[in-house]
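Structure first, commentary second.
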Amino acid sequence: MRSGFIVAIVGIVLVIAAVGVLVYFLNQATQIQETLTVPANGTEDYKITCEAGTYYMIHISADGNFTYELIDPAGNIVDNSTNASTYAVASVNATVSGDYTLRIHNMESTDITVDVLVMTEKDIMSLAMNMLGAVALCCVGLILAIVGFIVGLLQAKKQKQPVYQPPPPPPPSPPESGGGYQEV
């Protein structure tokens, strides 16, 4: 009876481990690199050192509306937003190495706080592979938990069933007497 439930417990442990791994990698991948305060109706620049031939995604979130421009080392705008929002993703496939400038324009009449997260394609692929591994581990854990519980329940049911024993034979009947008379 215990082997089925042991398999179920192993499955549950795997699910918990998978969730822990997923939370850990998501936390590592989404740590804010920089927090900026952009003055009311003002502009703030953030430098990003890029390597030629590398793809970058820059996540920008704020507590107020903003627009942005991403400027390469030569001064060319390589990405921008014209619609004010509280979240945006800038991206660039760096053609030259050097400092790129993320210029944030505050569209509010009060200061805003802006969080910037920069991820390379390597970071993104690493996150995707780790998430895939965590999901696979979770699936294996769920399968083991379900199979273990089913096996455990079947084993428990089997142990509780009485073993079939045929009914005892009837007692022998008394010899028949001839009515109390005996022939001589």
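FYI, it's all coordinate maths here, none of it is from the lab. Everything numeric here is computed off the predicted structure, so don't read it as measured data. Using ideal geometry, Cβ is built from the backbone for each residue, glycine included, and neighbour counts are taken over all protein chains shown.
What the table shows:
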quantity: The chain: relative contact order as a whole-number percent, Cα under 8 Å and 6+ apart; calculated: 36
quantity: Helix 121-160 axis, angle to the chain major axis (alpha carbon atoms, nearest 10°); calculated: 10
quantity: Cα long-axis angle, helix 2-29 against the chain (0 to 90 degrees, to the nearest 10); calculated: 0
quantity: Within-15-Å neighbourhood charge of P73 [Cβ basis; K, R +1; D, E -1]; calculated: -4
quantity: Label point distance in nm, Q159-N41, each placed 7 Å from Cα along Cα→Cβ; calculated: 7.8
quantity: Dipole of the chain, positive end: most advanced residue of V15, V147, A40 [Cβ charges, Cα centre]; calculated: V147
quantity: Size of electric dipole in region 77-179: Cβ of Lys, Arg +1 and of Asp, Glu -1, about Cα centre, debye, nearest 20; calculated: 800
quantity: The chain, dipole about Cα centre (Lys/Arg Cβ +1, Asp/Glu Cβ -1), debye to the nearest 20; calculated: 1260
quantity: Options V96, A134, I60, ranked by Cα towards positive dipole end of the chain, top entry (Cβ charges); calculated: A134
quantity: Dipole magnitude of region 32-119 about its Cα centre (Cβ charges: Lys, Arg +1; Asp, Glu -1), debye to nearest 20; calculated: 140
quantity: Length-normalised contact order for region 32-119 - Cα pairs under 8 Å, 6+ apart - percent; calculated: 50
quantity: Correct choice for log10 I(q)/I(0) by the Debye sum over Cα atoms at q = 0.09, 0.12, 0.18 Å⁻¹ that was computed from the model, options (1) -0.58, -0.75, -1.11; (2) -0.33, -0.58, -1.16; (3) -0.49, -0.68, -1.13; calculated: (1)
quantity: Residues of type lysines that K47 reaches as a straight line, Cα spacing below 30 Å, ignoring anything fewer than 8 places off in the same chain; calculated: K122
